[in-house]
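Have a look at the structure below before the remarks.
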Amino acid sequence: SSASARTASASAYAKLGMISQAMKGDSEDITKLLNVSLDLIGRDKPKVGANANERERAVEVLTFLVSKTKVKDELAFGSSRCKASFDKLCKLAVEIDGKSTIAYGLSYIFSALSVSREEAQKEALRDKEVSMEQYKQLQELAESHGQGPKDDPLDKDSEENVNKRRIGLIQSGVVAALKSLSRDASQTTSLQISKCFRLLSSEIAARGFIVQQGGLTLLMNKCGEKKSEEKICLDISSESQHAIAKTLVTTNPNLLTEAQRLGCVRPLLALCKDHKATNLMQFEALLSLANLSSTGLTVKQRIVDEKGIHAIHYLMFSDHNLVRRSATEVMLNLLPHEKVLNHMRNSENARLWVAFVGFLEEDKPTGLAALGAI
């Protein structure tokens, strides 16, 4: 059909254009590709056969275009060349499950919409142990020799703008969309879903919606799905754990069910025990544990049962002052649990608390937490 031919051509053209970096965010080429893909995505669900591939190719085109900041904003807020399309994308995701051929593409699009281009680059470089400064130096060196593409000025993105897109996605039903995509999802799709929740929860205003609409429960289940020590399984667990930590930092724990409060303890402690976790990940996990442990003895008992005392005590020796401080505050919150009292009465441990009191002048919050515990 003519539609199939158009999407096939658009897909090939988008790949070639993005690989060569020839297309700028405001180019006429991107306008045409956007309109073709969004038109096909908005149509009624196609029947099986050749027409069923049209949506697949349309989603594929968007996965390439969504690397452009201008395209992200147009999908979020609309423009003279296309209407806002978050509702359309979320509606499409709710109609399918993780077994669909477009599940990964949609999960990738939602994830890409929730992050700035610069932050995405930083995350990619972090895995390769290359700093953003080193990357920019290499990029400038390549450009000075006439190699490599120049940055598109339209790709600049602000945190404020990213947060507006995150809220837009939440309001359009992205939590329900991600829940639908998670059913029978492949590992690669599951990783994008967990990553998307982690990015969405960076916006404080999104956290309550994630909890209310079932996102927190989904993340708890994903933490328990680790089937092997393969890297992708570990990454899914780590992303889910970090998403839970971010979500619970500012969430009122009394609004959670007891099952949710208790169920979140293990993934949060797993993040505390993970030697590969960043200081930020462990800091946010500790803040969430402090938040949860303020609700009563039931959560405190669960933290103790999950061998949390030693994990939290270990982080009190962290080189990072915020990790050290938050670990001290969690231990304070665990009082008056008998096992925590016994741990503190140990002469070596008691000396640590006395030493922390000495930090009152240089680190008042940590010193006060230690003084309160003593």
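The values are calculated or read from the model by the stated rules, or taken from the named source; none is laboratory data. Since the model is a prediction, treat every value here as computed from it, not as a measurement. Ideal geometry is used to build each Cβ from the backbone, glycine not excepted, and the neighbour counts take in all protein chains shown. Only protein heavy atoms, including side chains, enter the accessible area calculation; ligands, DNA and RNA are left aside. Shrake-Rupley method; radii C 1.70, N 1.55, O 1.52, S 1.80 Å.
With the cut-off at under 15 Å, measuring from each backbone N in the range 156-193 to a point 7 Å along the Cα-to-Cβ line of residue 91 picks out 172-174, 177.
With viscosity 1.567 mPa s and temperature 4 °C, the Kirkwood radius over alpha carbon pairs of the range 292-374 converts through Stokes-Einstein to a diffusion coefficient of 102 µm²/s.
Accessible surface ranking for 56, 258, 1.4 angstrom probe, highest first: 258, 56. Residue 234 contributes an accessible area of around 60 Å² to the protein surface, as traced by a 1.4 Å probe with all chains present. Per-residue 3J(HN,Hα) values for the range 155-162, derived from phi via the Karplus relation 6.51 cos²θ - 1.76 cosθ + 1.60 with θ = phi - 60°, read 8, 5, 9, 10, 4, 4, 5, 4 Hz in sequence order (x marks Gly and Pro).
For the range 180-233, the fraction of 1.4 Å probe accessible surface lying on carbon and sulfur atoms is 50 percent. Here the spin labels are modelled as points 7 Å beyond Cα on the Cα-Cβ line, and at residue 221 and residue 123 they lie 2.2 nm apart. Solvent-accessible surface of protein heavy atoms, probed at 1.4 angstrom with all chains present, puts 300, 231 in the order 231, 300, largest first. Using heavy atoms of the protein chains and a probe of 1.4 Å, the accessible area assigned to residue 77 is about 110 Å². Model label sites at residue 28 and residue 305, defined 7 Å from Cα along the beta-carbon direction, differ in position by 6.8 nm.
Rg/Rh for the range 227-374 (Cα atoms only, Rh after Kirkwood) is 0.97.
Counting only protein chain heavy atoms and rolling a 1.4 Å probe, the accessible areas of 320, 275, 337 rank, largest first, as 275, 320, 337.
When the surface is traced with a 1.4 Å probe over the full set of protein chains, residue 73 keeps roughly 40 Å² accessible. The length gained by stretching the chain between residue 276 and residue 258 to full extension, at 0.36 nm per residue less their Cα-Cα distance, is 3.5 nm.
Starting from the Cα of residue 43, step 7 Å toward the Cβ, then list every residue of the range 85-111 with an amide N under 14 Å from that point. Correct set: none at all. The distance between label points at residue 233 and residue 364 comes to 4.9 nm (points 7 Å beyond Cα on the Cα→Cβ vector).
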